[in-house]
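> This structure is in structure tokens; I'll ask about it shortly.
The values are calculated or read from the model by the stated rules, or taken from the named source; none is laboratory data. These figures come from a predicted structure and were not determined experimentally. Backbone-built Cβ (ideal geometry, glycine too); neighbour counts: all protein chains shown. All accessible areas refer to the heavy atoms of the entire protein, side chains included, with ligands and DNA or RNA removed. Shrake-Rupley method; radii C 1.70, N 1.55, O 1.52, S 1.80 Å.
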There are 2 protein chains.
Amino acid sequence: MRFNRIGALGASSIGVLLSAMVIVGCGPQQAAQVSQAPASSTADLMKQRGLSEADVSAALQTYTPTGKKDEYITFASGGHGGNMIVIGVPSMRILKYVGVFTPEPWQGYGYGDQSQQVLDMGSRFGKDMTWGDMHHPALSETKGDYDGKYIFVNDKANARIAVVDLHDFVTKQIVTSELIQSDHGATFVTPNTEYVVESSQYPAPLGGGYAPIEQFQDKYRGAVIFWKFDREKGKLDKSESFAMELPPYMQDLADAGKLDSEGWVFINSFNTEMAWGGTIEGNPPMESGASQNDMDYLHIINLKKAIEVAKAGKTTTIAGMPVIMLETANAEGLLHLVGEPKSPHGVDVTPDGKELVVSGKLDTHATVYSFEKLKGAIEAKNYDGKDRYGVPILPFNDVIRGQVEIGLGPLHTQYDDKGNAYTSVFIESTVAKWSLKDLKVLEKVKVHYNVGHIVAAEGDTVSPDGKYLIAMNKWALDRFNKVGPLLPQNFQLINIGSEPMQLIYDMPLPLGEPHYAQMIKADKMSPVDVYKPAGYDVVTDAASPNAVKAQEERIERKGKTVDVYMTSVRSHFTPDIIRVKKDDTVNLHITNVEQAHDATHGFTIGSYDVHSSLEPGKHVDITFVADKEGTFPFYCTEFCSALHLEMAGYFLVEPN
Amino acid sequence: MRFNRIGALGASSIGVLLSAMVIVGCGPQQAAQVSQAPASSTADLMKQRGLSEADVSAALQTYTPTGKKDEYITFASGGHGGNMIVIGVPSMRILKYVGVFTPEPWQGYGYGDQSQQVLDMGSRFGKDMTWGDMHHPALSETKGDYDGKYIFVNDKANARIAVVDLHDFVTKQIVTSELIQSDHGATFVTPNTEYVVESSQYPAPLGGGYAPIEQFQDKYRGAVIFWKFDREKGKLDKSESFAMELPPYMQDLADAGKLDSEGWVFINSFNTEMAWGGTIEGNPPMESGASQNDMDYLHIINLKKAIEVAKAGKTTTIAGMPVIMLETANAEGLLHLVGEPKSPHGVDVTPDGKELVVSGKLDTHATVYSFEKLKGAIEAKNYDGKDRYGVPILPFNDVIRGQVEIGLGPLHTQYDDKGNAYTSVFIESTVAKWSLKDLKVLEKVKVHYNVGHIVAAEGDTVSPDGKYLIAMNKWALDRFNKVGPLLPQNFQLINIGSEPMQLIYDMPLPLGEPHYAQMIKADKMSPVDVYKPAGYDVVTDAASPNAVKAQEERIERKGKTVDVYMTSVRSHFTPDIIRVKKDDTVNLHITNVEQAHDATHGFTIGSYDVHSSLEPGKHVDITFVADKEGTFPFYCTEFCSALHLEMAGYFLVEPN
């Protein structure tokens, strides 16, 4: 065999190449020759691409050149995708996708023992849940302002809450209580994140038992759970959490009071008709059965007092959760109701904590409640009767400041730094800007199409920033290239700092149906680049007892159990040959000993469904039974270096 | 109880609102008042946001105003995310995320019987695979040009190929053969998509058995599978497919010949050293063991002749696949090798089919092979010896036209419409533009950082378009806001129509590690908006025998089996109350009878891990056992109308 060496690098050059890779790992290197691109003429480009003056303005407000950073970070729920989407504003680029309720292999979430433990926390009635329906993210707050440390998200379908740590953007915990069978008024946090609020949506017998639907009014109930957050541990503490029974209205959204209203929680509802459908049994469908009354009920909860009542043990334990029953809530004056016009879908406390805005989706108004008046009516026991569950009802006219005619299908409200409110208007597909002081609509901007939630920059905190607002539109229709019957959502970015408001970007979002989002100033965040020390367990947030150091790699057999202590570093796993016998239990302990930014590896064994992502410093454990004899390659799934493809080995399962 | 009606809509107004929704479903409606935004001054915005003239040019080349469409569609593999990402060019917005190897609940992929059947096709050795490592998508071709009908993708980890139908962007089929244990040279199609090429990467005993690693040279083998595509059925036909045994080099990438070279397939390789690591057993790691030789082997396969040999039955069946063994391949002259400098990582046939470009990652050159010379040497049996497996080796110097000095770590090559080639240069982080005719580098553009594959507009077809090229960069480092240790990839869009080339967009991509992509002119695609007729099974691509029509909804019990025939339409499911007994087998048959564009619903039963996406016209079946008694709400998971939250019902499981 004769090989011609034409320009091939000798074996001695490999070291040079690998060194170059290490440099790349530590920071940008210089290329030998770099093009300097000429700027095409603005006028030519406008003509060529059919851009208007407004388009040019929008382009320049959103375009973020290479290496420049975004000013805000938006955390959007992923709807029934079950995961969370992190978006830079104003560029509207997706910066991260965070596995929460649905396994996601790129980040190794749900693959490997650590993250599998997190998903296992979310099983219900002994059954694994393989997805979630994420609705409302809530950033942790300090004094009513986002602090950039944690974010909480709910799963409406399975009544779960997850905690994502923003130091590494990893889901650390999932909690659930079988007390309730769905949640929608979740998650919302108290101003110092003492509690995370989760209220049920569809009533059911508390604790998950069966009751005939005909006994809906007597046996079905709603509930709200107050999950205690232990900030030091970064975990929700079930042992310090409690719940309150609620009537079987369909509790919808919630909000925590702040400043003047701190210590109170507000939850709206629909279906005070207590309809339950039954169409093929001769009843009207819920959509009309639940839309008969002119008013539904806003729930006003004295959380501060409820905490005392719960601490005093005046609770009944159901499904392991201490519950303040309605009878106790009534006796202790913890819960009051007030009418809210017609199937409302948002309750949003104003930045000063003095007022609440509620919009009824079958009403054309936003209603502004005065917290002072609510409190006054409660203290004066100024009741307008009680509901059939004995809950006192406050007189609507005595507790509102007024109403604003918004339009067809108003839903959710956010705030800016100039005393304005912004309300999404679903049916007419607009966002209405209105003056909180004057209760007058100032302006509307059209969106495409059917806006649900909106999110403004820090727009639900004590100090909103104004500037940007995203309309989270439910239908996309003709906005984007056709991609088959399932369309993305459309997030439209609106400059609310300009007058009039200016629509500046359309962002298709095909990763679930985000319901709500929160937008935080980017400079409040300080995530880490690398896990230190190497051998870091991302779920316990501490060095793993199984961490492996370079030169200490080994394979240990005890009976039919094989422990493999492995490291990864560009561009090899050590060991790279693993020999086991069929039916051995295999415990892989893999530490990525890299400490360079972005030096991520992946690990997979073909046909064994074994996979993991190994960010720099991360340790993972993977446990499985070698139940199939054969010759199985393993390799690195992240293109980590020029010799990435050579970062491989064999998992050899000998016959017994 | 006294309710004040302040502006609340009466019950009679509900009908009006619902009608409005239907109108929305059919097309955009007009908003009452719409802002006309003023254009901010370009100079002001440049100053305010620190934009250069080049940035303004880039912004205007990429910004795509609301309602305007993208010119190209890019299909990117999702790496170890396992799914496919669809991106609009030049806006670089993600238009769709297509579930392929990993379940994805937003699109209901892997949730419900139909898509679960597709995932089940991909099990290996009786084990379910819950993810994949997708590398190389291949659009279907007609006469060597993309036809926009199908796309094929591989799973390197588990040696699988999937077929995605671009009429609805849904995965219809997964095929796998236990013949091989990984694939990398997949997927590549012949010019009329007669065959889809899948070649192995890491050698193993053919068929998946065990053999000691020390017998690597004797017992381990590579192979290439030629999957026959039945275009009429839109499916790969295993019964018409066959494979060819290859020596145990690590076959890497492949390409099919076209025009002059049609009927031939080329596969490069590394590790002709046949190293297998064994570090803790005293061997060098594979990264150095596999990098000793100055040359590796390009494989040249006469596919046309191989088809005849396979049809003649000169095959051995292994793991159910007819395999042309090496001995036969040699006897029939089907396989030849030729040296290629040093651990190559790309083989790319030129648009005219006359030449092949190979780059060695440990070599600084691109080598240009002449197909005519290769064919001439084969016909003349101008051999430079044979390898230890009896495969003839062609003399390197006799079959190349020349080499181009590219830079450090050249990998992959694409083409434009002006006779230029573009090669990614991994270690120096550039894309090099060079003249195919002159074999001279014309220009380089710097990218950030470590570019793997590149994709140009239709850049691997017989008629590349030029215009756009995306550098698929492996590291992101300082390009975007910090999001923890796991970083997105960076897709950088380059205008290759300008001279010099101009970097015009940075796109973070946090959905796996895309390896390769293909970019097709958008006007070649014609996906449907709605499934017709309603009751469409998206896997059989025909009306489902279980399709349900409005007014024909029903619940049927046979013994302990309950069949529920359900429809969905804004805003109710019919039936909305389902009563079963514990341990009943439940078969849900749900048809979304909507025929309006974007009128998608979702269906979930809480705590039962039952979920589905119901695009307009789609039918799904969901089978499960009601093994937990209780009261379980079900509801629509897509915000479909103003009364979406009321689109709910109850799944009631009575005790036995």
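> R0 = 22 Å: FRET efficiency of A:ASP44 with B:LYS69, Cβ-based, nearest 0.05?
Values: r = 21 Å, r/R0 = 0.95.
The pair A:ASP44/B:LYS69 has a calculated efficiency of 0.60.
> Run the reach check for B:LYS233 against lysines, Cα to Cα strictly under 19 Å, same-chain hits fewer than 8 apart removed. What comes back?
B:LYS149, B:LYS172, B:LYS532
> While we're looking at this one, here's another question. If the limit is 19 Å between Cα atoms, which of A:LYS560/A:LYS628; A:LYS127/B:LYS558; A:LYS68/A:LYS446; B:LYS558/B:LYS618 go over it? Please report the intermediate quantities before stating the final value.
On the way: A:LYS560/A:LYS628 15 Å; A:LYS127/B:LYS558 26 Å; A:LYS68/A:LYS446 30 Å; B:LYS558/B:LYS618 26 Å.
Listed pairs above 19 Å: A:LYS127/B:LYS558; A:LYS68/A:LYS446; B:LYS558/B:LYS618.
> Kindly identify residues of the stretch B:449-492 having a loss of at least 50 Å² in accessible area between the isolated chain and the assembly of all protein chains, probe radius 1.4 Å.
The answer is B:TRP475, B:LEU477, B:ARG479, B:ASN481, B:LYS482, B:VAL483, B:PRO485, B:LEU486, B:LEU487 - residues whose exposure falls by at least 50 Å² when every protein chain is included.
> Then there's this: So what are the ³J(HN,Hα) numbers for the stretch A:640-649, from phi and the Karplus equation (6.51, -1.76, 1.60; θ = phi - 60°), rounded to whole Hz, Gly and Pro as x?
These are the phi-based 3J(HN,Hα) values: 9, 6, 4, 9, 4, 5, 7, 7, 8, x Hz.
> Taking the Cα centre of the protein assembly as shown as origin and charging only Cβ (+1 Lys, Arg; -1 Asp, Glu), how large is the dipole, in debye to the nearest 20? Let's see the in-between values first.
Values: 120 positive and 166 negative charges, 84 e Å.
Charge dipole, the protein assembly as shown, about its Cα centre: 400 debye, nearest 20.
> Net charge near A:LEU408: determine it from the other residues with C-beta under 11 Å of the C-beta of A:LEU408, scoring Lys and Arg +1 and Asp and Glu -1. Please report the intermediate quantities before stating the final value.
Values: positive: A:LYS361; negative: A:ASP363, A:GLU405, A:GLU428.
Residues near A:LEU408 contribute -2 overall.
> What number, rounded to the nearest 500 deg cm²/dmol, is the helix-based mean residue ellipticity at 222 nm of chain B, given -39500 (n - 2.57) per DSSP H run of at least four residues and division by all its residues? Each step should come with its number before you reach the end.
Values: 10 runs with 77 residues, N = 656.
Computed ellipticity for chain B at 222 nm equals -3000 deg cm²/dmol.
> So, with a 1.4 angstrom probe, what is the percent of accessible area on the stretch A:72-524 that is carbon and sulfur?
Numbers: 5090 of 10800 Å².
Roughly 47 percent, rounded to a whole number.
> Using just the Cα positions, wrap chain A in a convex hull and report its mean projected area in square nanometres, one decimal place. Write down the numbers at each step before the final one.
Working: hull surface 146.3 nm².
Hull-based average projected area comes out at 36.6 nm².
> Let me ask another. Identify, among B:ALA319, B:GLY78, B:ALA186, the residue whose Cα sits farthest towards the positive end of the charge dipole of the stretch B:72-524, taking +1 on the Cβ of Lys and Arg and -1 on the Cβ of Asp and Glu, with the dipole about the Cα centre.
Of the listed residues, the answer is B:GLY78.
> Between A:GLU556 and A:LYS532, what FRET efficiency comes out of the Förster formula 1/(1 + (r/R0)^6) with R0 = 30 Å and r the beta carbon distance, rounded to 0.05?
Values: r = 27 Å, r/R0 = 0.89.
Using R0 = 30 Å, I get an efficiency of 0.65.
> Nearest 100 Å², what total accessible surface is buried between chain B and chain A (probe 1.4 Å)? Intermediate results must be reported in sequence, preceding the final value.
Working: alone 28580 and 28590 Å², together 36540 Å².
In total, this chain pair buries about 20600 Å².
> Sticking with this one: Between the chain alone and the structure with every protein chain in place, find the residues of the stretch A:578-611 that drop at least 30 Å² of accessible area; heavy atoms, 1.4 Å probe.
A:ARG579, A:HIS597, A:ASP598, A:SER607, A:ASP609, A:HIS611
> Let me ask something else. Explain nothing, just the number: dipole magnitude of the stretch A:536-654 about its Cα centre with +1 on each Lys and Arg Cβ and -1 on each Asp and Glu Cβ, in debye rounded to the nearest 20. Working shown, then result.
On the way: 11 positive and 19 negative charges, 70 e Å.
Computed about the Cα centre, the dipole is about 340 debye.
> Something else about it: Taking only protein heavy atoms into account and a 1.4 Å probe, give the accessible area per residue of the protein assembly as shown in Å². Don't skip to the answer; put the middle values down first.
Numbers: 36540 Å² over 1312 residues.
Per-residue value: 28 Å².
> Stretch B:GLU654-B:LYS304 to full length: gain in nm at 0.36 nm per residue minus the Cα-Cα span? Can you show the working numbers first?
Details: separation 350, 0.36 × 350 = 126.00 nm, distance 6.36 nm.
Residue separation times 0.36 nm, minus the Cα-Cα distance, leaves 119.6 nm.
> To check you understand DSSP bridge types, tell me what percent of the beta bridges within the protein assembly as shown (both residues inside) are antiparallel, rounded to 5.
On the way: 306 of 344 bridges.
Close to 90 percent.
> Output the peptides A:169-178, B:440-449, A:642-651 sorted from most to least packed, where packing is the average of other Cβ atoms within 10 Å over each peptide's residues.
Descending packing order for the listed peptides: A:642-651, A:169-178, B:440-449.
> Return the average number of partner chain Cβ atoms within 10 angstrom of each residue Cβ along peptide A:493-501. Write out the running numbers ahead of the final one.
On the way: counts 0, 2, 2, 0, 0, 4, 3, 5, 2.
Mean shielding count: 2.
> Where does the charge balance sit around A:VAL620 when Lys and Arg score +1, Asp and Glu -1, over other residues with C-beta under 9 Å from its C-beta? If you can, show how the numbers build up before the last one.
Details: positive: A:LYS618; negative: A:ASP113, A:ASP537, A:ASP621.
Result for the neighbourhood of A:VAL620: -2.
> What percent do you get for the relative contact order of the stretch A:549-607 when only Cα pairs under 8 Å and 6+ apart count?
Averaging sequence separation for qualifying contacts and normalising by length gives 33 percent for the stretch A:549-607.
> Report for the stretch B:536-654 the percent antiparallel among DSSP-assigned beta bridges with both residues inside it, nearest 5. Mind showing how you got there, number by number?
Details: 30 of 44 bridges.
Restricted to the stretch B:536-654, the bridges split so that about 70 percent are antiparallel.
> Please compute the Cα-Cα pair-distance distribution of the stretch A:536-654 with 10 Å bins starting at 0, giving whole percents from short to long.
Calculated P(r), rounded to whole percents: 14, 49, 31, 5.
> Distances from B:GLY67 to the same residue in each other copy, label points 7 Å out along Cα→Cβ, in nm, shortest first?
Distances between equivalent label points, in nm: 3.9.
> Cβ under 13 Å from B:MET274's Cβ, B:MET274 left aside: what net charge do those residues give with Lys, Arg +1 and Asp, Glu -1? Provide the component values of the computation, followed by the final result.
Details: positive: B:LYS219, B:ARG221, B:ARG388; negative: A:GLU646, B:GLU214, B:ASP218, B:GLU273, B:ASP296, B:ASP387.
Summing Lys and Arg as +1 and Asp and Glu as -1 gives -3.
> If I model a spin label as a point 7 Å beyond the Cα along the Cα-Cβ vector, how far apart are those points for A:ASN330 and A:GLN292 in nm?
Between A:ASN330 and A:GLN292, the label points sit 2.2 nm apart.
> List, largest first, the extents of the alpha carbons of the stretch A:222-354 along their principal axes, each in whole Å.
For the stretch A:222-354, the Cα spread along each principal axis is 52, 37, 32 Å.
> I've got another one for you. What angle, in degrees between 0 and 90 and rounded to the nearest 10, separates the Cα long axis of helix A:13-26 from the longest principal axis of the Cα atoms of chain A?
Once rounded, the angle reads 20 degrees.
> At a Cα cut-off below 13 Å, give the aspartates and glutamates reachable from B:LYS549, other chains included and same-chain residues fewer than 8 away excluded.
B:GLU594
> Return the distance in nm (one decimal) between the two label points of a simple spin-label model at A:ILE280 and B:LYS549, each offset 7 Å from Cα along Cα→Cβ.
1.6 nm
> Give the calculated FRET efficiency between A:TYR383 and B:ASP541 to the nearest 0.05, with a Förster radius of 56 Å applied to their Cβ-Cβ distance. Before the final figure, lay out the partial values.
Working: r = 62 Å, r/R0 = 1.11.
Efficiency, from the Cβ-Cβ distance: 0.35.
> On to the next question. What average number of partner chain Cβ atoms lie no more than 10 Å from the Cβ of the residues making up B:345-354? Walk me through the intermediate numbers first.
On the way: counts 3, 0, 0, 0, 0, 0, 0, 0, 0, 0.
Taking all residues of B:345-354 together, the mean is 0.
> Chain B: which residue's Cβ hugs the B-to-A rotation axis most tightly, distance rounded to whole Å?
Nearest-to-axis residue on chain B, with distance in whole Å, is B:ALA59, 2.
> What is the set of long-range amide H partners of A:VAL548 at a cut-off below 5 Å, with H atoms built 1.01 Å from backbone N?
Close amide H contacts, sequence-distant or interchain: A:THR591.
> Moving on to the next point. Compare the Cα positions of B:THR631, B:ALA550, B:GLN595 along the charge dipole of the stretch B:536-654 (+1 at Cβ of Lys, Arg; -1 at Cβ of Asp, Glu; about the Cα centre) and return the one farthest towards the positive end.
B:THR631
> Over the protein assembly as shown, consider all pairs of different Cα atoms and compute the Kirkwood hydrodynamic radius from their mean reciprocal separation; express it in Å, one decimal.
Result for the protein assembly as shown, one decimal place: 31.7 Å.
> Here's another thing I want to ask about it. Which lysines, on any chain, are close to A:LYS373 with Cα under 17 Å apart, when same-chain ones fewer than 8 places away are left out?
A:LYS258, A:LYS354, A:LYS381, A:LYS437
> State, to one decimal in nm, how far the label point of A:GLU405 lies from the label point of A:SER52, with both points 7 Å from Cα in the Cβ direction.
2.8 nm
> Taking only C-alpha pairs under 8 Å that are 6+ residues apart, what is the relative contact order of chain B in percent?
On the way: 1742 pairs, mean separation 66.9, N = 656.
Here the relative contact order equals 10 percent.
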